[in-house]
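Here's the structure, in structure tokens; my notes come after.
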Amino acid sequence: MDKSTLLLLAVVLAVFGGSVAAGHPAWGTFTGIAIILLAAGLAAGTLPLKSQDYFDERIGPTQRISSSLITLSSAAIVAIYAAGYHRTSSAAHKFDSQTPQARGSTTVATVTPPPPPSPATKPGSSGPPAPASKKNNSRPATPRKGAPKKSGDSATSSAPSPASDKAAPDATATPAAAAKAAYKDGVYLGWGSCRHGDIEASVTIQDGKIASAVISQCLTRYSCNWIAPKPPAGALPDLPAQVVERQSAKVDYVSGATESSYAFADAVIAALAKATE
Amino acid sequence: MTRRIPLLLLVVTLMLPAVLRAQGTPNFSGTWKMEKIDPSVDPRNGRPPVAGGGLGGGGDADNAYGASIREIFAQAPQSIVIAQTANQITVQLGPEKESYTLDDKLMVTPEGDLNALKTRAHWDAAKLHLHFKKGMNWGRDILSLSDGKLVVLRDVESGGGSTTFTITYSKAQ
């Protein structure tokens, strides 16, 4: 292999290392730097050095064999790394997309205790709306088909119930995270599991935003109405609606249905991961 | 000749990940007999795990449905017969057969039945997750191979009981 080919290989390596370092700041910095260093070493080997004549004299014809071995070693390292990179890239993307949405993050840690089901909310619409019921009743009956509901956020944050007080930071904090994840339009399915069974979420992306989220399969032991109540919703949180409102998988955890809440959040995360692939 | 050796090494290096990946999806086919179970007793009641259900949730009923629940959601099946192809796997517990497609798609058997068996399977690296639900009973098996033995992490929630056991099976001769 001549020097120009080695130099070309070094340049390709340097670009690859740079892209790894820039594209995956969480874990790619050291790897990218390592690749760039490898490229630099390769490039340095192609440069004419003052001591070249000395080595040529000392080593003579074996210099070419040594270069071939170096090239072969470099190629092998790059090949193994590239294969591993390709093999794990989907998982890396998945983790990247999950990082801002992962449960247990600081904003999600504000677990919402479910508001006690008040009798006033059940009869529903005829009576004067109590503050606690205003939040849920203000939701459109078919939030899943509409565009992201923004006016409801303000109504939610002004509601005096504990749920709304703690949901408000999430609602305001998530647009930045949502804007970061540029979703591809389409309908995506994802599964989540818990000790009580499986939940499949169907998330529709329109114009790069979450237009709707529904539970497409509820295979939990208990009814999914605990986390996705049918209208009129009453006092129970509607997690699919929260996904649309917050443009994120960060949903409240429903006391009494904590595991199902986890499963639903995982299902949405899995679906959104597909939307970013 | 000396020029071909590096090229050959490069080709082998490039093929290595594909070979390793092919080895990543084991085949669980065979007839397996229980060798050991961990923990050895049900932590809820201190009794040995039951081989054939008994957790309730319809499994106590003396009819075909109850018998089916007892087999499928047994805490500790004594034997398993597995037939696996490239895109499907069938698990037989006693007379009960559960079929799964290996594409993470839900399978309902029979279709339209309120009490149908719903199954789903997906790979997690070299481990195969089998999810199954019937009525108000739910279970998940995580299958893996270790030293030629089948290791099943079995989560079962049935009739108000929720248990997790790690069961090791050896291949029947």
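The values are calculated or read from the model by the stated rules, or taken from the named source; none is laboratory data. Bear in mind the structure is a predicted one, so any value in this text is a computation, not a measurement. Positions of Cβ are backbone-derived with ideal geometry, glycine not excepted, and every protein chain shown enters the neighbour counts.
Determine which member of the set A:SER193, A:SER223, A:SER212, A:SER202 is among the small types (Gly, Ala, Ser), surrounded by fewer than 19 Cβ atoms within 10 Å (Cβ to Cβ) and assigned by TED's automatic domain parsing to the domain that holds A:ALA263. Before the answer, list the steps.
Working: A:SER193 fails: surrounded by fewer than 19 Cβ atoms within 10 Å (Cβ to Cβ); A:SER212 fails: surrounded by fewer than 19 Cβ atoms within 10 Å (Cβ to Cβ); A:SER202 fails: surrounded by fewer than 19 Cβ atoms within 10 Å (Cβ to Cβ).
After applying the criteria, what remains is A:SER223.
So, in region A:206-252, how many residues would count as being of a type outside the set (A, V, I, L, M), away from every other protein chain (no Cβ under 14 Å) and more than 24 Å from the chain's Cα centre (by Cα)? Walk me through how you get there before you give the answer.
From region A:206-252, those of a type outside the set (A, V, I, L, M) are A:206-209, A:212, A:216-218, A:220-226, A:229-232, A:234, A:237-238, A:240, A:242, A:245-248, A:250, A:252; that's our starting set.
Then keep just the ones that are away from every other protein chain (no Cβ under 14 Å); that gives A:206-209, A:212, A:225-226, A:229-232, A:234, A:237-238, A:240, A:242, A:245-248, A:250, A:252.
The next check asks that each one be more than 24 Å from the chain's Cα centre (by Cα); those that pass are A:225-226, A:229-232, A:234.
So the answer is 7.
Any chance region B:130-138 includes a residue that's touching a helix residue (DSSP H, G or I) at 6+ places or on another chain (Cβ under 6 Å) and not charged (D, E, K, R)?
For region B:130-138, residues touching a helix residue (DSSP H, G or I) at 6+ places or on another chain (Cβ under 6 Å) and not charged (D, E, K, R): present.
Could you list all residues from region B:10-42 that are within 14 Å of chain A (Cβ to nearest Cβ) and at pLDDT 65 or above? Don't jump to the end; show me each part of the working.
In the first step, residues of region B:10-42 are kept if they are within 14 Å of chain A (Cβ to nearest Cβ); the result is B:10-25.
Across region B:10-42, the qualifying residue is only B:THR25.
B:GLY57: farther than 30 Å from A:HIS86 by Cβ, within 12 Å of another protein chain (Cβ to nearest Cβ), modelled with pLDDT under 70 and in contact with a helix residue (DSSP H, G or I) (Cβ under 8 Å, 6 or more places away or on another chain), yes or no?
On the way: farther than 30 Å from A:HIS86 by Cβ: yes; within 12 Å of another protein chain (Cβ to nearest Cβ): yes; modelled with pLDDT under 70: yes; in contact with a helix residue (DSSP H, G or I) (Cβ under 8 Å, 6 or more places away or on another chain): yes.
So B:GLY57 fits the description; yes.
Take region B:94-140 and flag every residue that is surrounded by 20 or more Cβ atoms within 10 Å (Cβ to Cβ) and more than 12 Å from chain A (Cβ to nearest Cβ).
B:GLU98, B:TYR100, B:LEU128, listed by residue number.
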